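Heads up, the thing below is written out as structure tokens.
The values are calculated or read from the model by the stated rules, or taken from the named source; none is laboratory data. Quick caveat, the model's predicted, so the values are computed rather than measured. We place every Cβ from the backbone using ideal geometry, glycine too, and count neighbours over all the protein chains shown.
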Amino acid sequence: MMPATAKNRAIASKSGALFNRPRLKLLLLLGLPAVWFLVIYIYPLLHLLSQSFYTFDDFTMTVVREFSLDNIRNLFSPANADIIIRTAAMALAVSVFSAIIAFPVAYYMTRHASGKMQAFLYISVILPMWTSYIVKAYSWTLILSQEGVAYWIIDALGLTGVLNAFLDIPSIGGNTLSTSNLGRFLVFTYIWLPFMILPIQAALQRLSESLLDASSDLGARPFQTFRHVILPLCIPGVIAGSIFTFSLTLGDYIIPQLVGPPGLFIGNMVYVQQGSIGNMPMAAAFTLVPILIIAVYLYFAKRAGAFDAL
Amino acid sequence: MHSDKSSWLIKGLALAGICFLYFPILIILIYAFNTEESAFSFPPKGFTVEWFFKAAERDDIFQAIGFSLQIAAISTLIALLLGSLAALALYRNNFPGKNVFTLILILPIALPGIVTGLSLLSTFKSAGITPGMATITIGHATFCVVIVYNNVVARLRRISFNIVEASYDLGATALQTFWHVILPNLGASLFAGGLLAFALSFDELIVTIFTAGHEPTLPLWLLNQLSRPRDVPITNVVALLVMLLTMLPVLLSYWLTKDR
């Protein structure tokens, strides 16, 4: 019988072999997640992208497996270009506006609030962020409906005239709040706002107090410090946040169904093409648009140092 | 350095922003107790708890909750396994392709949900796989991995590597070190990551629509309800419950990791 210490030593040398063979250890750890992501994510993604180079025969209602750039060309047809521009414009507007709302919240969280208050505010932001997406969207349909809270508040404040003036503006307005682009914009901004607050807050958190002291020591007034030190240094946070607001708006197809005027978004087009029409190649071609936009965006965001703020 | 006026302005705007975040949540809370049957008029004419009892009689609601809980539980388990493996693999390891691998982990949440959803749908279709609970779960697990991964990586960065080396120096095997030194240190972050993954899966709609068969998950059930004006009071009650159900794991997860 082997004495216990010798046995232990034998095991230790065996596992020492594992410890000393980092490649084997890496393979054991990495194998499963790598295979999963290759099979469940990368392969399907490439499969989808390859579909966009097939065509769909309207006559036989089947997919023709021959390489063609027809779908890509088709994306630039006036009707489809409209959809892309409409979606991208909304994504841009939502990103800009949510950055404007998010900044004071993030700023107050990091620079004014004390420890306990800071924690409280942090929870106040993450809770609505994680709260059910469909419930939030549903709530807005209740708020914006004609007998709903929004009209009630606007009426109580005597602002009906102002609202109607807004709704009369072409391409922003509409017949009612819930069928206007203004309403849709509000819902999008609301739902993605926390995704903008947190990265800005993270960027502000890293801002060192000594920089601000240096600025004021050198004679800058508070506003100058704000304008020339704080604001530029939170830009990476804004960019990081806008990756989310942009990407999430570009791919959404539920909110455009629930609120806003008729006229499809990229997401709705993808859904319609693959579903009722069965034109998977065209649907796949449409997904290229958000993928490309996000890829370009990520490239520039990385150069601007936005990933440190994630 | 803050002048009084500007700090009051910031405070006011910040509080307005927080109120904006909670306004729709408050509305859901109010409407769940609304007496009216089919209108959304504000202010409500009266309050009742009647709809909670009516909702409790509906089998389809419990069925949807059951589907969602099952899917969330299984995809969370898969995400816990894959996410912690990936985190351990990348921790203090440099290998070619490391950046690509981390990018791939993030992609399912960085790219719009329709991309993930449609990729899976087109692959399942061409492979002849019938959509159902399994396909939904696979999709959910994939985008939940990064949540667990982030939590574990954040924790690993704070574990001093000295204790790992000490464990080896004292003769512990790699597995013993993992089991007795690393894992106890990861416990809370695994649990917290798991809770967030659970909340994310429980609530997911965009990818689910593409990968679902005939089983309505709870968010799908809610979406279908929106085209049924007769059921508004029941929908309101379920909306409130879903909201509370997703808030709970998030709060718990925050509480578990707050010392970070």
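Here are some notes:
- Count of segment B:3-40 residues which are without any contact (Cβ under 8 Å) to a residue 40 or more places away in the chain and in contact with a strand residue (DSSP E or B) (Cβ under 9 Å, 6 or more places away or on another chain): 3
- In segment A:11-21, residue modelled with the highest pLDDT [restricted to those that are part of a helix (DSSP H, G or I) and more than 7 Å from every other protein chain (Cβ to nearest Cβ)]: A:ASN20
- For A:ALA113, the conditions (1) touching a helix residue (DSSP H, G or I) at 6+ places or on another chain (Cβ under 7 Å); (2) among the aliphatic types (A, V, I, L, M); (3) over 30 Å from B:LYS125 (Cα atoms); (4) modelled with pLDDT of 90 or more all hold with the exception of (4).
- For segment A:256-268, taking the residues that are surrounded by 23 or more Cβ atoms within 10 Å (Cβ to Cβ) and at pLDDT 90 or above, the one that is nearest to the other protein chains (Cβ to nearest Cβ) is identified as A:GLY267.
Every residue, every condition in (1) of a type in the set (Lys, Arg); (2) more than 9 Å from chain A (Cβ to nearest Cβ); (3) at positive phi; (4) out of contact with any Phe, Trp or Tyr (no Cβ under 8 Å at 6 or more places or on another chain), yes or no:
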residue: B:THR211; (1), (2), (3), (4): no, yes, no, no
residue: B:HIS214; (1), (2), (3), (4): no, yes, no, yes
residue: B:LEU218; (1), (2), (3), (4): no, no, no, no
residue: B:LEU222; (1), (2), (3), (4): no, no, no, no
residue: B:GLN225; (1), (2), (3), (4): no, no, no, yes
residue: B:THR235; (1), (2), (3), (4): no, no, no, no
residue: B:VAL250; (1), (2), (3), (4): no, no, no, no
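- In segment B:25-81, the qualifying residues are those that are at pLDDT 85 or above, of a type in the set (S, T, N, Q) and surrounded by 21 or more Cβ atoms within 10 Å (Cβ to Cβ), and the one that is farthest from B:PHE191 (Cα to Cα) is B:SER68.
- Test: residue in segment B:3-16 that is assigned to a helix (DSSP H, G or I), modelled with pLDDT of 85 or more and under 30 Å from B:PHE143 (Cβ atoms): no
- Hits in segment A:123-133 - residues which are under 19 Å from B:ALA192 (Cβ atoms) and free of Cβ contacts under 8 Å to residues at least 60 places away in the same chain: A:ILE123, A:SER124, A:LEU127, A:TRP130, A:THR131
- Verdict on B:LEU223 being at pLDDT below 90, closer than 25 Å to B:THR135 by Cα and crowded, with 18+ Cβ neighbours inside 10 Å: no
- Filtered residue count, segment B:20-52, keeping only those that are at the interface with chain A (Cβ under 10 Å from one of its Cβ atoms) and part of a helix (DSSP H, G or I): 12
- Some residue of segment B:94-105 being under 21 Å from B:LEU183 (Cα atoms) and of a type in the set (A, V, I, L, M, F, W, C): no
- For segment A:54-81, a residue qualifies if it is touching a residue at least 24 places away in the same chain (Cβ under 8 Å) and within 27 Å of the chain's Cα centre (by Cα), and the qualifying residues are A:ASN71, A:ILE72, A:ASN74, A:LEU75, A:ASN80.
- A:SER52 under 30 Å from B:HIS140 (Cα atoms), more than 9 Å from chain B (Cβ to nearest Cβ) and touching a Leu at 6+ places or on another chain (Cβ under 7 Å): yes
- All positions within segment B:59-89 that are more than 14 Å from every other protein chain (Cβ to nearest Cβ) and among the polar types (S, T, N, Q): B:GLN63, B:GLN70, B:THR76
- Within segment B:13-56, considering residues that are small (Gly, Ala, Ser) and within 31 Å of the chain's Cα centre (by Cα), the one nearest to A:ARG111 (Cα to Cα): B:ALA14
- Test: A:ALA220 is modelled with pLDDT under 85, over 23 Å from the mean Cα position of the chain (by Cα) and of a type in the set (A, V, I, L, M, F, W, C): yes
- Odd one out for A:VAL272, checked against (1) within 11 Å of chain B (Cβ to nearest Cβ); (2) at pLDDT 85 or above; (3) surrounded by fewer than 17 Cβ atoms within 10 Å (Cβ to Cβ): (1)
- Within segment B:120-137, the residues that satisfy the criterion of being more than 9 Å from chain A (Cβ to nearest Cβ) and β-branched (Val, Ile, Thr) are B:ILE129, B:THR130, B:THR135, B:ILE136, B:THR137.
- Wholly within segment B:128-196, helices (runs of 4 or more DSSP H) carrying at least 3 residues that are of a type in the set (S, T, N, Q) and surrounded by 15 or more Cβ atoms within 10 Å (Cβ to Cβ): B:133-158
- Filter pass, A:THR176 being surrounded by fewer than 19 Cβ atoms within 10 Å (Cβ to Cβ), within 14 Å of chain B (Cβ to nearest Cβ) and of a type in the set (Val, Ile, Thr): yes
- Test: residue in segment B:107-119 that is assigned to a helix (DSSP H, G or I), buried (at least 24 other Cβ atoms within 10 Å of the Cβ) and more than 7 Å from chain A (Cβ to nearest Cβ): yes
Okay, residues lined up against (1) more than 13 Å from every other protein chain (Cβ to nearest Cβ); (2) under 30 Å from B:HIS140 (Cα atoms); (3) touching a Ser or Thr at 6+ places or on another chain (Cβ under 7 Å):
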position	(1), (2), (3)
A:LEU26	no, yes, no
A:HIS47	no, yes, yes
A:ASP58	yes, no, no
A:PHE76	yes, no, no
A:ASP82	yes, no, no
A:THR87	no, yes, no
A:PRO104	no, no, no
A:TYR122	no, yes, no
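- Matching entry among A:PHE226, A:PHE166, A:PHE244, A:PHE195 (being of a type in the set (Phe, Trp, Tyr), more than 13 Å from chain B (Cβ to nearest Cβ) and surrounded by fewer than 23 Cβ atoms within 10 Å (Cβ to Cβ)): A:PHE166
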